[in-house]
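This report concerns only the one structure given below.
The values are calculated or read from the model by the stated rules, or taken from the named source; none is laboratory data. Keep in mind the model is a prediction, meaning the values are calculated, not measured. Cβ placement follows ideal geometry from the backbone for every residue including glycine, while neighbour counts extend to all protein chains displayed. Please note that ligands, DNA and RNA were not included when accessible areas were found on the heavy atoms of the full protein model with its side chains. Shrake-Rupley method; radii C 1.70, N 1.55, O 1.52, S 1.80 Å.
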Amino acid sequence: MLRGERGNVAIMTALILPVLLSAFGLGFESSHWYQMNRAMQNAADSAAIAAATNASAGYAAEAQAVAAQYGFQNGVNNVTVTASNSAACPSGGANCYSVTISQPVALVLAPLVGYQGDTTIGAVAATGHTPAVPGSPAKLISATAVAVQGTNPRTYCILALASSGAQGITGNGVPNANLNGCDTFSDTSSLCNGHNLNAGFGDAHGTSTVCGAHQDSNLPVLLDPYLALAANIPPSTASSCPNGYPQEPAKNNGTPLPSTNKLSGSINLSGTKILCGDQQLTGNLSVTTSSPGAVLVIENGQLDTNGFTLQTQAGSGLTVIFSGDNTAGYTHAPTGGGTLDIAAPTSGTWSGVALYQDPSLTSGVDISAAGNSPTWDITGLVYLPHSSVTFSGAVNKASNGLSCFDLVVDNVTINGTGSILAEGQCSQAGLSQPTENIPTRGQLVG
């Protein structure tokens, strides 16, 4: 029997079998953990994208609903789904959306090699005469995803700030209105009756109805991008206008404007020139400026084209600023039946700005026949932040300018055949247009 070899395999098998079972068991369980983690990560990724896309008070419910579609329902089978809208972003800040999914999994074969997991499941606390039941060892599987709400920049050729609370954009009787695909934005609501103005996007902080081939409502308020330019307006002093602010007579026998307030012919401007009171064209006025352009400040007065044309020559840029105070009787706007043929400067402080009403003015700022009286042939920005504007004419580019026009108002009503030339050259014209980052689908960032 000492020489017999039968039974050796059985002994070796008995010695090796626990090791084999432990190795196979650990491999089986770790493979299961990996597969579960991958499924959980897919669920967390989709849930985080959904939360960032939702971006409302219901983002957490949105995340949990998406996770449930992947088989991970919060509160079922020890699954926990948590969401946050203040997670740290990889690029900085704490406005990202995160979703973490976790679930403990009972151990089956891993304890054979001494692994007791990192948590327990099934523990029952003692109650009354019922003793506590210890939990079973388990492995906690978890996955986390971080997403941010995507944005798509959109520029606008009409921005209604609506600081007065009025409806920002209104379209009435506009079957022939043509904004040539430009986009519009209202910081309150927009309503166009029966016609989309041939605008591209008609967007609004409130509700947008019909004003555009596409309408997006409930967008963030678009802040005034040109307000800070007011700091560059020369302050009004007694020495600026020593003879006061002459006004056009309301009656034929009234005091006529002095010759200093009547403009015609050709002038060469550089820097900033202050004009006091109403200014009236008594003939066509041709303006040549030095680089990058000139500024005309009209204090407490209108610019009455009086049937004539104010035109900037090739290579020249002009900004007309209406400033002063809110004393009753002053008009701070262009008037008359002539033409404004103005190209704004393409660089410098007033780059891209053709007409600018001082935002401190709230009286005498409304315009009832924009683009019609006078005609607007303008390259650049027309900034009328507290003006109620009725727009019924056609805006074309300046004779010596590019195809770029932007209108910023308090509120605007577009009537009849109101139209704006095709856009596309504002960058070359030196104007940074109003831009809103439109929320889009969430994007994973971690």
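Among the residues of segment 120-149, those identified as in a strand (DSSP E or B) and over 47 Å from the mean Cα position of the chain (by Cα) are 120, 121, 124, 127, 130, 133, 136, 137, 138. For segment 308-350, the set of residues classified as out of contact with any strand residue (DSSP E or B) (no Cβ under 6 Å at 6 or more places or on another chain) and open to solvent by less than 50 Å² (accessible area, probe 1.4 Å) consists of 330, 331, listed by residue number. In a residue-by-residue description of segment 48-67, the property of being among the aromatic types (Phe, Trp, Tyr) and either modelled with pLDDT under 85 or surrounded by fewer than 12 Cβ atoms within 10 Å (Cβ to Cβ) (or both) applies to no position. The residues of segment 416-441 that are in contact with a Phe, Trp or Tyr (Cβ under 7 Å, 6 or more places away or on another chain) and part of a strand (DSSP E or B), listed by number, are 420, 436.
Just one residue in the set 379, 346, 319 is touching a Pro at 6+ places or on another chain (Cβ under 7 Å), assigned to a strand (DSSP E or B) and either under 18 Å from residue 433 (Cα atoms) or not β-branched (Val, Ile, Thr) (or both); that residue is 319. Of all residues being among the hydroxyl-bearing types (Ser, Thr, Tyr) and open to solvent by less than 10 Å² (accessible area, probe 1.4 Å) in segment 380-402, which is nearest to residue 316 (Cα to Cα)? Just the residue, please. Selected residue: 383.
Residues satisfying the criterion are present in segment 222-230 (criterion: open to solvent by 60 Å² or more (accessible area, probe 1.4 Å) and either over 16 Å from the mean Cα position of the chain (by Cα) or modelled with pLDDT under 95 (or both)).
Test residue 270 against the stated conditions and say whether it is in contact (Cβ under 8 Å) with a residue 24 or more places away in the chain, polar (S, T, N, Q) and surrounded by fewer than 21 Cβ atoms within 10 Å (Cβ to Cβ). Criteria met by residue 270.
Number of residues in segment 69-109 that are farther than 20 Å from residue 149 by Cβ and open to solvent by 40 Å² or more (accessible area, probe 1.4 Å) equals 13.
Filter segment 365-412 for residues that are of a type in the set (S, T, N, Q), more than 24 Å from residue 345 (Cα to Cα) and touching a residue at least 24 places away in the same chain (Cβ under 8 Å) and give the result.
From segment 365-412, those of a type in the set (S, T, N, Q) are 368, 372-373, 375, 379, 387-388, 390, 392, 396, 399-400, 403, 411; that's our starting set.
In the following step, the residues that additionally are more than 24 Å from residue 345 (Cα to Cα) were identified as 368, 388, 390, 392, 411.
Of everything in segment 365-412, those that are of a type in the set (S, T, N, Q), more than 24 Å from residue 345 (Cα to Cα) and touching a residue at least 24 places away in the same chain (Cβ under 8 Å) turn out to be 388, 390, 392, 411.
Open to solvent by 60 Å² or more (accessible area, probe 1.4 Å), of a type outside the set (Ser, Thr, Tyr) and under 19 Å from residue 409 (Cα atoms): is that true of residue 140 in this structure? No. With respect to (1) modelled with pLDDT of 95 or more; (2) within 17 Å of the chain's Cα centre (by Cα); (3) of a type in the set (A, V, I, L, M, F, W, C), the lone exception for residue 219 is condition (1). In segment 403-444, the residue that is modelled with the lowest pLDDT out of those that are buried (at least 17 other Cβ atoms within 10 Å of the Cβ) and of a type in the set (Val, Ile, Thr) is 420.
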